[in-house]
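The values are calculated or read from the model by the stated rules, or taken from the named source; none is laboratory data. No experiment lies behind these values; they were computed from the predicted model shown. Note: ideal-geometry Cβ built from the backbone for every residue, glycine included; neighbour counts use all protein chains shown.
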Amino acid sequence: MAIIIKKFGGTSVGSIERIRSIAQKISKEYQSGDQIVIVVSAMAKTTDELFSLAFQISDHPSRRELDMLLTAGERITMSLLSLALQEKGFASISFTGSQSGIITDSKHGNARIMKINAFRILEELEKGKIVIVAGFQGVSTEKEITTLGRGGSDTSAVALASYLSADLCEIYTDVDGVFTADPRIVQHPKAMPEIDYPQMLALAYNGSKVLHPRAVEFACIYDVPLVIRSSFSDKPGTTLKKLLDKEKNMEDRKITAIAHKERLICYTLDKSDAGLFREFGFEIFKYRIKDALVSIFFEEKYESEIRYFLQQHNYTVRERKDAVGFVILVGIGINLDLSFLAKTIELTEKYHPLEISHSERTIEILLGSDAVVACVQDLHQEFVESNSKNLGV
Ligand code: ADP
Ligand code: ASP
Ligand code: MG
């Protein structure tokens, strides 16, 4: 009997109709004899709404209370889905992260999974029940409720899949899989039937929110069979692979996909203040170090909390830049052939990039936030839609 983990994101469970339709989908598969664990996100927009409620009460809500509040979103979905299954005559039970035995460290808002003791899930599976788990949350070793960072339900699902040695972990979302760029902004995105871990990691870390980066790390380290697919269609989606087809991919240097991030703020601090990062706890997108200064890039929505933290600790922001963003080209071997760099410089000139840098699998363009979408569209057209091998022309 196979164990299958299915994770449903916010849009996939965004209304009562959607929850009923997911229940229908799950019940069909359950009847084929598999053991099924469902991981759910909060219903669409719920987490943002809960977040803003907290800020209506306080400009600086404590991170512990924020976690108590935000975890309520996933509790709503898990119980509604369980009720929908029970209405159809199926035995199901819902568990919070804590009841599921997801043990984390104490970093509220961005906790790390230390271990999993999912004996209650195993007991209920043995009884033949469909188990529904609230994603994005756990309990710390100090018995406090924690969250895993925004988008963290993917990580809950992959972590459970690894603990249960699941035969498959399916991440159901609102698009047909991983595309060559965000399908919401480019005209002719291509769905990728498969992608290897290093490139998926590069996309996830660089803003392609279709998969939480920690979920990819988990899947890679613990060899979890992972598929990303749509809950709105029957398309097969994208499979994460350790190895791709040798014939097709041997030393095939090309831009595989493009990630992007808009609306970032950059604070520049003294490098001598680096000790602050031990206490920091906020998610940052990237950092840069130059001479005696450290620049951190983070999402606009975190600014008031970060500013407050820095003030509390008497750290001085040397420079503040707002409305910046990144466009990030991802591909294997693209920095071993500088014609990729040449073409990137030529194509991005009109967007007045503030900086171009690279890692082993990325070329990263820092630019004004307003130019990000047009830049992705242009680069996608040139590198992905046209034949990207003609780099010299
Ligand atoms: P969920 O709520 O299911 O977790 P998310 O909103 O977190 O869904 O992630 C899915 C979204 O990721 C898509 O709607 C899409 O706009 C965005 N996205 C960004 N880059 C990509 C990409 N390369 N491929 C697919 N989706 C992408
Ligand atoms: N509900 C959480 C969020 O919106 C976690 C998730 O959806 O993965 O970030
Ligand atoms: Mg997500």
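Taken over the stretch 146-168, the residue count meeting the criterion of being farther than 26 Å from residue 33 by Cα and either free of Cβ contacts under 8 Å to residues at least 60 places away in the same chain or away from ligand 3 (no atom under 16 Å from the Cβ) (or both) is 1. In the set (1) within 15 Å of ligand 3 (Cβ to nearest atom); (2) without any contact (Cβ under 8 Å) to a residue 40 or more places away in the chain; (3) of a type outside the set (S, T, N, Q); (4) not in a loop (DSSP other than H, G, I, E, B), residue 171 fails one condition alone, (2). Residues that are within 16 Å of ligand 2 (Cβ to nearest atom) and either modelled with pLDDT under 95 or basic (Lys, Arg) (or both) within the stretch 62-91 comprise 63, 75, listed in sequence order. With a requirement of 2 or more residues that are within 16 Å of ligand 3 (Cβ to nearest atom) and surrounded by 21 or more Cβ atoms within 10 Å (Cβ to Cβ), the strands (runs of 3 or more DSSP E) lying completely within the stretch 1-110 that satisfy it span 3-8, 35-40.
Beta carbons closer than 6 Å, at least 6 apart along the sequence or on distinct chains, pair a first residue in the stretch 128-142 that is away from ligand 3 (no atom under 16 Å from the Cβ) with a second that is of a type outside the set (A, V, I, L, M, F, W, C) and part of a strand (DSSP E or B) for 129/92; 130/92; 132/94; 138/104; 138/146; 140/104; 140/146.
Here 366, 329 are screened, and the one residue that is over 21 Å from residue 179 (Cβ atoms) and at pLDDT 95 or above is 366.
Which of the following residues is over 14 Å from the mean Cα position of the chain (by Cα) and within 13 Å of ligand 1 (Cβ to nearest atom): 180, 155? Write out each step before concluding.
On the way: 155 fails: over 14 Å from the mean Cα position of the chain (by Cα).
Among 180, 155, only 180 is over 14 Å from the mean Cα position of the chain (by Cα) and within 13 Å of ligand 1 (Cβ to nearest atom).
Restricting attention to the stretch 181-228, the residues that are more than 16 Å from ligand 2 (Cβ to nearest atom), among the β-branched types (Val, Ile, Thr) and buried (at least 21 other Cβ atoms within 10 Å of the Cβ) total 3. Taking every residue in the stretch 92-111 that is among the charged types (D, E, K, R) and pairing it with any residue that is surrounded by 19 or more Cβ atoms within 10 Å (Cβ to Cβ), at least 6 positions away or on another chain, the pairs with Cβ-Cβ distances below 6 Å are 105/111.
Give the stretch 193-211 a look and list any residue that's within 8 Å of ligand 1 (Cβ to nearest atom) and modelled with pLDDT of 95 or more, or say none.
Scanning the stretch 193-211 gives 203, 207, 208, 210, 211.
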